Structure formats: C-alpha cells, structure tokens
Amino acid sequence: MSKERRLRILLDTSFILPTLGIDVNERVINAIRELKQREAEIFFSRFSLLESLWVAAKLIKTGKFNYRRFLAGLESLFKAGRYKLISEGPDTFMKAIELYRLGHEDMIDNILYATSIEHNLNFLTLDEELKEFIKRNRLRDTLILP
C-alpha cells in the first residue's frame, strides 16, 4: 500500500487498552487486526492515556490490574514505533470547546475528534453517540465505527 493511500487512524481509548494489557471486547480486537492487515498509520493521544489511567484505577480497586503488562504496553506505545503520539494544538482545544457548546459533554471525546480534524485523520471509535452528534450538527465526519 503506498504512503499516499495509507489509512491514517487516530485511536479512541478503547483501541489502546489491549496494548496496555486491559481486556476489551472482540469488536475492538477485530478492528485492531484489520488495521494491522491494512498497514494503517496509527496515532494515539495523551488524552487517551489519561482515560486509560482511569480504567486502570478501576481495575486496581478490583484487584484485576497487571502492572507489568501495563508498563510493557506503555513502553510499546512510546518506543516500538508502531504507534505515533499526536500533538494537540490551540485549534484542537478551541474546537473541543465549540463541540461542548454545541452540546457534546464528553471533553476527552471532543478533544480526540478535534484532533482528528486538525491532523486530517480518521478517528476509530465505538462511540455511536458522538457519531450521531456529528451527523446531527452537520460536522465533518472523520469517525470510523468497527
């Protein structure tokens, strides 16, 4: 697949959880497999890592958190070269605020969606509510739902 046509994807938090050793449903696993098969260029945000920490905190409380797997996943995200860390700029945060003003209250999702717009990426998410919000408000649809 040529670089010009290579699929460029920003992952929602659900799609980085498996790398961090956190169990997810089969729908997520299948979507990740497809990205690998398509040799997609994969991006992640620090804001997804923040959300991942909230998931980890819940797992710690239940005794189901694996520190070693989580650390190995973090090292993989930052060092292995498969995933690329994306940077958010001022326009991203202003767009996120605008989305909130329009009625979408999940600020992390707002930031991730705005990041996909700013960097011209597809946004892989399970969030059907966000998809509907984008459609209802006639916004640019970068979302891919598996």
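The values are calculated or read from the model by the stated rules, or taken from the named source; none is laboratory data. Only a predicted model underlies this, so the values are computations on that prediction, with no experimental measurement involved. When we count neighbours, we look across all protein chains shown, and the Cβ atoms used for this are built from the backbone with ideal geometry, even at glycine.
Pairs only if they're at least six apart or on different chains, beta carbon under 6 angstrom, first in segment 34-50 and under 16 Å from Thr125 (Cα atoms), second surrounded by fewer than 20 Cβ atoms within 10 Å (Cβ to Cβ); list them, first residue then second. Listed by first residue and then by second, the contacts come to Ala40/Leu7; Glu41/Arg6; Glu41/Arg8; Ile42/Tyr83; Phe43/Lys84; Phe44/Tyr83; Phe47/Ile108. The set of residues in segment 1-44 being within 16 Å of Ser76 (Cβ to Cβ), of a type outside the set (Val, Ile, Thr), under 12 Å from the mean Cα position of the chain (by Cα) and not in a helix (DSSP H, G or I) consists of Leu11, Leu17, Phe43, Phe44.
Scanning segment 74-118 for residues that are β-branched (Val, Ile, Thr), part of a helix (DSSP H, G or I) and in contact with a strand residue (DSSP E or B) (Cβ under 7 Å, 6 or more places away or on another chain) turns up just one, Thr115.
Answer with yes or no whether Arg68 is of a type in the set (Lys, Arg), exposed (fewer than 15 other Cβ atoms within 10 Å of the Cβ) and under 16 Å from Phe123 (Cα atoms). In short, no. Exactly one residue out of Lys79, Lys135, Lys61, Lys131 is buried (at least 16 other Cβ atoms within 10 Å of the Cβ) and farther than 16 Å from Arg8 by Cα, and it is Lys131. Restricted to segment 6-16, and to residues there that are crowded, with 21+ Cβ neighbours inside 10 Å and not hydroxyl-bearing (Ser, Thr, Tyr), the residue that is farthest from Asn122 (Cα to Cα) is Ile16. Over 15 Å from the mean Cα position of the chain (by Cα), modelled with pLDDT of 95 or more and hydrophobic (A, V, I, L, M, F, W, C), is that true of Leu59? Yes: the conditions hold for Leu59.
Quickly run through segment 117-146 and pick out the residues that are of a type in the set (Val, Ile, Thr) and in contact with a helix residue (DSSP H, G or I) (Cβ under 8 Å, 6 or more places away or on another chain).
Ile117, Thr125, Ile134, Thr142
Would you confirm whether any residue within segment 47-57 is surrounded by fewer than 14 Cβ atoms within 10 Å (Cβ to Cβ), hydroxyl-bearing (Ser, Thr, Tyr) and out of contact with any Asp or Glu (no Cβ under 9 Å at 6 or more places or on another chain)? Looking for residues that are surrounded by fewer than 14 Cβ atoms within 10 Å (Cβ to Cβ), hydroxyl-bearing (Ser, Thr, Tyr) and out of contact with any Asp or Glu (no Cβ under 9 Å at 6 or more places or on another chain), one finds none in segment 47-57, hence no.
Select, from Leu126, Leu50, Leu130, Leu71, the only residue that is assigned to a loop (DSSP other than H, G, I, E, B), at pLDDT 95 or above and among the hydrophobic types (A, V, I, L, M, F, W, C). Spell out how you get there, then give the answer.
On the way: Leu50 fails: assigned to a loop (DSSP other than H, G, I, E, B); Leu130 fails: assigned to a loop (DSSP other than H, G, I, E, B); Leu71 fails: assigned to a loop (DSSP other than H, G, I, E, B).
Just one listed residue meets the conditions, Leu126.
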